[in-house]
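All of the numbers you see were taken from the coordinates with simple rules; none came from a lab. These numbers were taken from a predicted model, which means no experiment stands behind them. Positions of Cβ are backbone-derived with ideal geometry, glycine not excepted, and every protein chain shown enters the neighbour counts.
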Amino acid sequence: MKEAEFRYAEEKDVELILYFIKELAEYEKMLDEVIATEDLLREWLFEKKKAEVIFVLEDNQEVGFALFFHNFSTFLGRAGIYLEDLYVKPEYRGKGYGKSLLKKLAKIAKERGCGRLEWWCLDWNKSSIDFYLSLGAKPMKDWTVYRISGSTLDNLAE
């Protein structure tokens, strides 16, 4: 495979970003949980600048994307990059685009002085887990993710 090409998303890409989010959600059997809209993505990605998106391209066509943002490690005393979503269209899988996206994110992390790159993976997604392990990623076995959202978040905020 020739070296992958990338581009950062622009505001005009919100429809495409939402397309990729829905494709990923369908793959993860969670499409019914997607409530994001183009307007919400426009606001949070481009007006509030709370996350970034890069696309990987084949022949100037977007074939995959990664959505990420900065987190912070108190132990390292610096920011890291948290990868929220990584997705490559099924017909382009096996060509190295997923690995290229992760390598690009690693380069961005290093350029920005970040101390780490991290993400979550669904326990049933064995092919992705095997892929991540092949890159040297380490599962955080002693940690459990907790979440508060919806009415529980509302109640706690009161």
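Under 1.5 on a/c is rounded, so check that first for segment 1-55, then, if it is not, pick prolate when a/b is larger than b/c and oblate when it is not; a ≥ b ≥ c are the square roots of the alpha carbon gyration tensor eigenvalues. Verdict is oblate for segment 1-55. Listed cross-link partners Lys99/Lys138; Lys12/Lys49; Lys99/Lys141; Lys12/Lys50; Lys22/Lys89; Lys29/Lys49 are compared with a 19 Å cut-off, the Cα-Cα value being larger for Lys99/Lys141; Lys29/Lys49. For Leu117, nonlocal amide neighbours, meaning residues 5 or more places apart or on other chains whose placed amide H falls under 5 Å from its own, are Ile81. Computed over the chain, the per-residue total of -39500 (n - 2.57) for DSSP H runs of n ≥ 4 gives a 222 nm mean residue ellipticity of -9500 deg cm²/dmol, rounded to 500. Rounded to the nearest Hz, the phi-derived 3J(HN,Hα) couplings of segment 36-41 under the Karplus curve 6.51 cos²θ - 1.76 cosθ + 1.60 (θ = phi - 60°) are 4, 10, 4, 5, 5, 5, where x marks glycine and proline. Starting with the fewest neighbours, write out Ser100, Ser134 ranked by other beta-carbon atoms found within 10 Å of each beta-carbon. Final ranking by Cβ density, sparse to dense: Ser134, Ser100.
With the cut-off at under 12 Å, measuring from each backbone N in segment 131-150 to a point 7 Å along the Cα-to-Cβ line of Glu84 picks out no residue. Averaged over residues, the count of other Cβ atoms within 10 Å places the peptides 7-13, 69-75 in the sequence 7-13, 69-75, highest first. Normalising by residue count, segment 5-157 has a Cα convex hull of 149 Å³ per residue.
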